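Notes follow the structure.
Please treat every number below as a calculation from the coordinates, not as lab data. The shown structure was predicted, so the numbers you read here are calculated from the model rather than taken from an experiment. Cβ placement follows ideal geometry from the backbone for every residue including glycine, while neighbour counts extend to all protein chains displayed.
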Amino acid sequence: MQQLPDLLRYGASPDPFYLEFDRRIGHFSMFTNHYHSHYELYYLFSGERNYFIKDRAYHVHAGDLVLVDSDAVHKTSDLGIPGHERVVLYFSPSFFDAYEPEERELLLSSFAQGSPLLRLNLQERLHAEALLGSLLTELHDQPPGYGLHLRHMAGELLLFTARSMQKRQGVPDVEPTPVQRKVSDIVRHINLHFSEPLELGMLAGQFFISKSHLSRMFKEVTGFGLSEYVNITRVKEAQRLLRDTDYSVTRVSELAGFDNFSHFGKMFKRLSGLTPRAYRKMAEGE
């Protein structure tokens, strides 16, 4: 990996498949793309990261694979250890249309497991890094037909991951810490009650902790500020309503839990890049 540059990119978010390789020096926490329709395969070559997915945080070590389901809220953040090297492969739902139904089901099964974290043994890690090394070297050199090779190797990696996941069935999950369990309870409460008032003081009283402690531990475990996570959850629900119902934008705002229409419009544009009406128009055109 050392012969590769610090940054490599292939494709972009509208594409059926794209990838990002980064070698980062110092401290870094993710600040964009909190959720998306692509399936995400994340591999950490070096360093340690905190990875929050859906309602739980995972301590990711070098040699770990992380599988993020489509539209799952997620974020990586710093653990106080500077420097890390990672690659992320993104697959849109349409990427899997090229496969037979049983093949598609197998490749997608990795993203539907109870735990998104796959901790590889040494033999598996060497195999995964050989696949990724071939993929990234091809991207760097860009010989004729390199895009075909990248897609082929990405499929190989998905197959390897699916088979490795199947071997892990029945293996106990890593036990979360008491703080992680408490934050998971709060996240699940937000996910279920996003349409209701969710002020910091109310949540602190309901979960028997101080407001300052709740704010601090929520940020440490998830990487999100509490109000930031609430807004993300509400905007995600608003997107679903705009796609799947004929409710007015004002009614969508109310059902998603926003008590201020101006605030709704501002948060929706910030998180999705579009106004609610533009988002609905785009969804209708798909």
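Gain in length, residue 59 to residue 250, computed as 0.36 nm per residue apart minus the alpha-carbon separation, to one decimal in nm?
Gain on stretching residue 59 to residue 250: 64.7 nm.
Equivalent-ellipsoid semi-axes (√(5λ), Cα gyration tensor) for region 7-168, whole Å, largest first?
Over the Cα atoms of region 7-168, the semi-axes work out to 22, 19, 16 Å.
At 4 °C and 1.567 mPa s, what whole-number value in µm²/s does Stokes-Einstein give for the translational diffusion of region 178-285, with Rh from the Kirkwood sum over Cα pairs?
In µm²/s, the coefficient is 89.
Based on the mean of other beta carbon atoms within 10 Å per residue, what is the order of 94-105, 254-265, 64-75, most packed first?
Going by the mean number of other Cβ atoms within 10 Å, highest first, we get 64-75, 254-265, 94-105.
Would you list 108, 4 from fewest to most Cβ contacts within 10 Å?
In increasing order of surrounding Cβ atoms, one gets 4, 108.
Using all C-alpha to C-alpha distances in the chain, build P(r) with 5 Å bins and read off the rounded percent in each one.
Result returned by the calculation: 1, 5, 11, 14, 16, 16, 14, 11, 7, 3, 1, 0, 0.
Which pairs in the list 54/75; 236/281; 182/266 are over 19 Å apart, alpha-carbon to alpha-carbon?
182/266
Residues of region 94-125 with amide nitrogen under 14 Å from the 7 Å Cα-to-Cβ point of residue 79?
Once the point is set 7 Å along Cα→Cβ of residue 79, 117-120 turn out to lie under 14 Å by backbone N, inside region 94-125.
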